[in-house]
Every structure is written in structure tokens, then in C-alpha cells.
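To keep things clear, I will list the structure first and then write my remarks on it.
The values are calculated or read from the model by the stated rules, or taken from the named source; none is laboratory data. Not measured: the values here are computed from a predicted model. Note: ideal-geometry Cβ built from the backbone for every residue, glycine included; neighbour counts use all protein chains shown.
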Amino acid sequence: MTATPNAGGAGAQDALAAGYEDLRRAALGGATGSARGIGLALFLRSGMAAWMEICAALVPSRGAPARVAATPVVPLDLRLEVATLLAEMALAVHAHGGRPSC
């Protein structure tokens, strides 16, 4: 099944058009950061029809409830401690010439 621009109504058409413009910018080299990557990679690997089908599937239907952000499973202070620990480990490996010290 291949999605068409008319598959999900006006909202889907707007989302597909906006996504296409992002894809076009990425293909022309004008996109940076998260605007590059998955959409462009999908387009280059599988083509426009596959890209359109995935984009149409990602647009929520009109009757779909809005997603509610879930409460983080890991508390913020613990996430900060883990991030600090990982950064210290990475810096320690770098300081020893890429070899872990035991």
C-alpha cells in the first residue's frame, strides 16, 4: 500500500508538504542537526513512495488523542549522576590514550 497526499485529509497534506520541504532542504544540503538523517536516509534508500508512506503513517489521525508526556522513569538527579559518571569514564579512557585503566 502506498500512501498518497490525500490519504489523511488536510492535516496530513500539510504535514506531508512540511516534511517534503524539510527533506528537500536536507537533500540540498541546507539542513543541520536533527533535520538531517532519518528522513533523508529513508528517501535515499527506499525512494519517495516509501518516504511518503512512512510520513503518512506518522501523522496522527483526526480522532486520535494527543500524546501525553509520560513521567520520566528515572529521577532527574539520578540521570545527572549517571551522565556525570559516564562523562568521567569517557574522559578517563581518553586520558589514558584510549586504554581503560585497571
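Here are a few things to note about the model shown:
- Reported count of residues in the stretch 28-38, each being modelled with pLDDT of 80 or more and part of a helix (DSSP H, G or I), is 0.
- Scanning the stretch 55-85 for residues that are at pLDDT 80 or above and more than 29 Å from GLY39 (Cβ to Cβ) gives ASP77, LEU78, LEU80, GLU81, VAL82, THR84, LEU85.
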